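Below: one structure, written as structure tokens.
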There are 2 protein chains.
Amino acid sequence: MAKNPKTKIEYADLDPIFTPKSVAVVGATDKPGKVGHAIMLNYIDAGFSGALYPVNINGESFIIGHKAYKSVLDIGEDIDLAVISVPAKYVGGVMEECGRAGVGGVVVVSSGFAEVGQTKLQDELAAVSKKYKMPMVGPNCLGVMDVRGRNDTLFLPTFKIDRPKVGGVSFASQSGSIGASTLDLMSSAGFGLSRFISYGNAAVVDEVDILNYLAHDRHTQVIVFYLEGVKRGKAFIETAKVATKLKPVVIIKSGSTNAGAGAAQSHTASLAGSYEAYRAVFRQYGFTEAEDADDLLHFAKIFDTQPLTSGKRIAVITNGGGHGVLATDAIYKNGLALPRLDKRTEDALRRVMPATVNVRMPLDIGGDADDKRFADALRAVSNDPNVDALMVIALFQTPGADDRVSESIINYAAKRQKPMVVVSSGGAYTKSHVAVMENSGVPVYESTTAAARSLAALIGYAAYREAVLQGYASPSKRME
Amino acid sequence: MAKNPKTKIEYADLDPIFTPKSVAVVGATDKPGKVGHAIMLNYIDAGFSGALYPVNINGESFIIGHKAYKSVLDIGEDIDLAVISVPAKYVGGVMEECGRAGVGGVVVVSSGFAEVGQTKLQDELAAVSKKYKMPMVGPNCLGVMDVRGRNDTLFLPTFKIDRPKVGGVSFASQSGSIGASTLDLMSSAGFGLSRFISYGNAAVVDEVDILNYLAHDRHTQVIVFYLEGVKRGKAFIETAKVATKLKPVVIIKSGSTNAGAGAAQSHTASLAGSYEAYRAVFRQYGFTEAEDADDLLHFAKIFDTQPLTSGKRIAVITNGGGHGVLATDAIYKNGLALPRLDKRTEDALRRVMPATVNVRMPLDIGGDADDKRFADALRAVSNDPNVDALMVIALFQTPGADDRVSESIINYAAKRQKPMVVVSSGGAYTKSHVAVMENSGVPVYESTTAAARSLAALIGYAAYREAVLQGYASPSKRME
């Protein structure tokens, strides 16, 4: 590869790309099935409120009802973002025109660059980007989505992928396919998203710039990152130090085996590097490492909805004894523990629970438990000073459980006193209650394993953050 | 506990319990919300074709439209199964009457026995069972379900729990709550089930009897077992030896931590024992061990639908590069490998794939891959002698993938030549395709991790079976 044409990108430099007021779609077309058609449609369907300029060298007057231009140079208005989807060999020329037109930033979705050995062609794009101080995302990527501002460069048919509601999770993925399927899963699971970015070959804007941007983005509460490799190791570490002080960063690194690393290299020309080295960095700098795509979603869900705690004593309340046993196993396997309940909590529970309920951890409130029993148990147990967080297992197959039970849980969750996860697993009836709870911000998991892993992730991050912020916190705060 | 009143139970002895022609429901009532009401309703709703006799000491003439009896002794017909749901202190008397009436077997769903310290009361039931050679399931259980024969002793409201279609998976669970939620999940995921049994305190019919029964049940292709403890270790091992030669047994053992073991003891009075000892037995005797409820379902799915192979070379075909990298990692992490494709396969692929497709493993056929490209890749790769099994990643967010892609995959699966798993993850559009594939017997997973773990489970069991059957198999077969 030629000399690195990298210029330092400040996070504000990426604003035109994420939150543009005007967008040129270069390669826009009326022909269905083409990328430039899908991008135009997505802007229109999303309800983008800024100016939208289709650009096509063929010189049509209108494309999908919008006045079209032969070149970005013909538009004659300020352009924040140009989305480029022309064949690889024309991208350099288009970028040159964008630079001369003073475009704020570009997203190159076209492929045919370093990932197929065309590094020279890719270096040319990077050189134009540098020359005009015009940041470039891509090439070989899906680009960006800002859910709030309805900026959406993705060229996937809208009916094939659920679009998310506005929220606090931002998700960056080097891989477009991982990006799209995870975005789809997150939307389907009711996540609120802020920004999404698929950055492909990372010829200019890379993982360091994106991490830095999301760390300073006030709309982003949780960062989720799928990484194939890091090109600037030192800068990544420096950025990570800042980012993880500000907010949780959930990361998944592919290429964790030698064979996987080889596959990553042929995918986005990434040098995956030694996984052990990455893992050491992740641990030292407070990243929350996900083992797979399931973890990503599970961890994002708890960080997005629950307050932090570094306490490891997890109270279990269950209406099914077997699940209480599995939960206990899962909690201890993840380095957490069950609390010893305070004497006063035990007394309080004995007053409100039927005689058949054994007052101890895990607290099995019985298969006939109704909303009142759940509420009583939640109140008594959550008030216990020995309890740091709660795992509530609500099985809706039982005779006692109905929508009043989910309501009890939602009511407790609304107070956001101590972190809580819920486990509910089952079919159609259960899933309807899960949807209601999740829409109210309650993180629900299908297994005690997923719930315990997520609690451990939250607690691990909270402990890291307390340790690094020690210098800033008041002594009394630290003594708590 | 008093002396063990155990009498050896032959597997045929359990036929009256699983496939009765006549059932007495003792404790049946017209009152909604009562267990005896729910059991009656479930028999009626399930469409049980045998004789159904409600029994209640109060002497109603009819209960839910069926002629009622004060005692099983009044029925005057052969009774295969009595389902007993009267208060704990009356169960012994009812069983005495069942014995005198020549009932074939009983299910005691009532609780209030060893799990709350009433071991003497429980021993009395066991003594009656022994005296009349009348096997008893329970107490403190949900009982049994035979999906084919519509025998269903569960007392959970039908609208709260999805009922499964007829199939080859049988599921035994000591815990009722794990049993119910997993049954619900399995039904919701479209599993075909044969038998279900929740056996609670296992006072007479225990894990050994059930494993033995399911091993010899010709309708059961795959056994799934949730275990809290084993009372007769040696007998369990002897039974396991036979069972795992005949069919795969997926097992999950709770109480794998000290704290979990304590919780198990208070749940069903099980002595969980040392988990390491259990694990050693599981491994030595060919059980497939599941780490959590997710594993249970994932493993059952592959065993239920795919042929066995002990070969570890997994070909990956994907329409998303990032997933190919994750799949490679997952495959190697689970002790499996990617194949080196045969020269002829590479040539065949080059003839049918576009020039942009890199002919190597993992095979990334591109985001624009359509059904034809999937079919071509499946044909060429599955014919390769170096390929033992396939992981096909079909991402429906991509422009090329639609219902013709799922059809291609279903068509390949119908041939059942080499084992195949599919990975498809996403929202509503994806889930609709997943449902179609799963209904056609294709095992689909949401993550490459779950798919690779399931392949490893299949391959591990196949290798065990080949090793233990070595003596029986012909030498030529072994040389393959």
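The values are calculated or read from the model by the stated rules, or taken from the named source; none is laboratory data. Source: prediction; values computed, not measured. Positions of Cβ are backbone-derived with ideal geometry, glycine not excepted, and every protein chain shown enters the neighbour counts.
Only residues that are within 14 Å of chain A (Cβ to nearest Cβ), more than 15 Å from B:V144 (Cβ to Cβ) and part of a loop (DSSP other than H, G, I, E, B) were counted across region B:202-246, and they come to 2. Criterion applied to B:D304, B:D294, B:D342 was being away from chain A (no Cβ under 14 Å) and in contact (Cβ under 8 Å) with a residue 60 or more places away in the chain, and the one residue passing it is B:D304.
When the residues of region B:157-187 are filtered to those that are closer than 19 Å to B:V83 by Cα and surrounded by fewer than 24 Cβ atoms within 10 Å (Cβ to Cβ), the one that is nearest to the other protein chains (Cβ to nearest Cβ) is B:P157.
Let's see how each residue does on (1) closer than 26 Å to B:E115 by Cβ; (2) among the aliphatic types (A, V, I, L, M):
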| site | (1), (2) |
| --- | --- |
| B:S188 | no, no |
| B:Y199 | yes, no |
| B:D209 | yes, no |
| B:I223 | yes, yes |
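To keep it simple, each residue is scored yes or no on (1) among the hydroxyl-bearing types (S, T, Y); (2) touching a Cys at 6+ places or on another chain (Cβ under 7 Å); (3) modelled with pLDDT of 95 or more; (4) within 17 Å of B:A263 (Cβ to Cβ).
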residue: A:S310; (1), (2), (3), (4): yes, no, yes, no
residue: A:A315; (1), (2), (3), (4): no, no, yes, yes
residue: A:G320; (1), (2), (3), (4): no, no, no, yes
residue: A:I331; (1), (2), (3), (4): no, no, yes, yes
residue: A:L336; (1), (2), (3), (4): no, no, yes, yes
residue: A:A348; (1), (2), (3), (4): no, no, yes, no
residue: A:R351; (1), (2), (3), (4): no, no, yes, no
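Every condition in (1) modelled with pLDDT of 85 or more; (2) touching an Asp or Glu at 6+ places or on another chain (Cβ under 9 Å); (3) closer than 23 Å to B:Y445 by Cα holds for A:R279 except the one numbered (3).
Is it fair to say B:V128 is surrounded by 17 or more Cβ atoms within 10 Å (Cβ to Cβ), touching a strand residue (DSSP E or B) at 6+ places or on another chain (Cβ under 6 Å) and hydrophobic (A, V, I, L, M, F, W, C)? Against the criterion (surrounded by 17 or more Cβ atoms within 10 Å (Cβ to Cβ), touching a strand residue (DSSP E or B) at 6+ places or on another chain (Cβ under 6 Å) and hydrophobic (A, V, I, L, M, F, W, C)), B:V128 does not qualify. For the condition buried (at least 19 other Cβ atoms within 10 Å of the Cβ), in contact with an Asp or Glu (Cβ under 7 Å, 6 or more places away or on another chain) and not small (G, A, S), what is the one hit in B:N151, B:N140? Being buried (at least 19 other Cβ atoms within 10 Å of the Cβ), in contact with an Asp or Glu (Cβ under 7 Å, 6 or more places away or on another chain) and not small (G, A, S) holds for just one of B:N151, B:N140, which is B:N140. Restricting attention to region B:388-407 and to residues that are more than 24 Å from B:I331 (Cα to Cα) and assigned to a helix (DSSP H, G or I), the residue that is farthest from the other protein chains (Cβ to nearest Cβ) turns out to be B:E407. For region A:408-426, the set of residues classified as in contact with a strand residue (DSSP E or B) (Cβ under 8 Å, 6 or more places away or on another chain) and part of a helix (DSSP H, G or I) consists of A:I409, A:Y412, A:A413, listed by residue number.
Where helices (runs of 4 or more DSSP H) fall entirely within region A:1-111, those with at least 3 residues that are farther than 22 Å from A:V205 by Cα and modelled with pLDDT under 95 are at A:35-46.
Among the residues of region A:427-465, those that are buried (at least 23 other Cβ atoms within 10 Å of the Cβ) and in a loop (DSSP other than H, G, I, E, B) comprise A:V442, A:P443, A:S447. Please work out if B:V107 is among the hydrophobic types (A, V, I, L, M, F, W, C), away from every other protein chain (no Cβ under 14 Å), under 25 Å from A:G320 (Cα atoms) and over 25 Å from the mean Cα position of the chain (by Cα). Taking the combined requirement at face value, the residue does not satisfy it. Taken over region B:364-397, residues that are in contact (Cβ under 8 Å) with a residue 40 or more places away in the chain, more than 15 Å from B:P419 (Cα to Cα) and surrounded by 24 or more Cβ atoms within 10 Å (Cβ to Cβ) amount to 7. Can you pull out the residues in region B:414-432 that are within 13 Å of another protein chain (Cβ to nearest Cβ) and not polar (S, T, N, Q)? Matches in region B:414-432: B:V423, B:G426, B:G427, B:A428, B:Y429, B:K431.
For A:N411, the conditions (1) more than 14 Å from chain B (Cβ to nearest Cβ); (2) crowded, with 23+ Cβ neighbours inside 10 Å; (3) over 22 Å from the mean Cα position of the chain (by Cα) all hold with the exception of (2). Counting just the residues of region B:112-126 that are without any contact (Cβ under 8 Å) to a residue 40 or more places away in the chain and in contact with a helix residue (DSSP H, G or I) (Cβ under 7 Å, 6 or more places away or on another chain), which one comes out nearest to B:Y199 (Cα to Cα)? If we take residues in region B:112-126 being without any contact (Cβ under 8 Å) to a residue 40 or more places away in the chain and in contact with a helix residue (DSSP H, G or I) (Cβ under 7 Å, 6 or more places away or on another chain), then B:G112 is nearest to B:Y199 (Cα to Cα).
Looking only at residues of region A:115-125 that are farther than 17 Å from A:V26 by Cα and buried (at least 22 other Cβ atoms within 10 Å of the Cβ), we find that the one that is modelled with the lowest pLDDT is A:E115. Restricting region A:288-316 to residues that are touching a Lys or Arg at 6+ places or on another chain (Cβ under 9 Å) and of a type in the set (S, T, N, Q), the residue that is surrounded by the fewest Cβ atoms within 10 Å (Cβ to Cβ) is A:S310.
Do we have any residue at all in region A:41-48 that's buried (at least 20 other Cβ atoms within 10 Å of the Cβ), among the aromatic types (F, W, Y), over 20 Å from A:R218 (Cβ atoms) and over 27 Å from the mean Cα position of the chain (by Cα)? No; the residues of region A:41-48 include none that is buried (at least 20 other Cβ atoms within 10 Å of the Cβ), among the aromatic types (F, W, Y), over 20 Å from A:R218 (Cβ atoms) and over 27 Å from the mean Cα position of the chain (by Cα). Against the test of being on the phi < 0 side of the Ramachandran plot, within 14 Å of chain B (Cβ to nearest Cβ), out of contact with any helix residue (DSSP H, G or I) (no Cβ under 6 Å at 6 or more places or on another chain) and modelled with pLDDT of 95 or more, the options A:A462, A:A435, A:A451 yield a single qualifying residue, A:A451.
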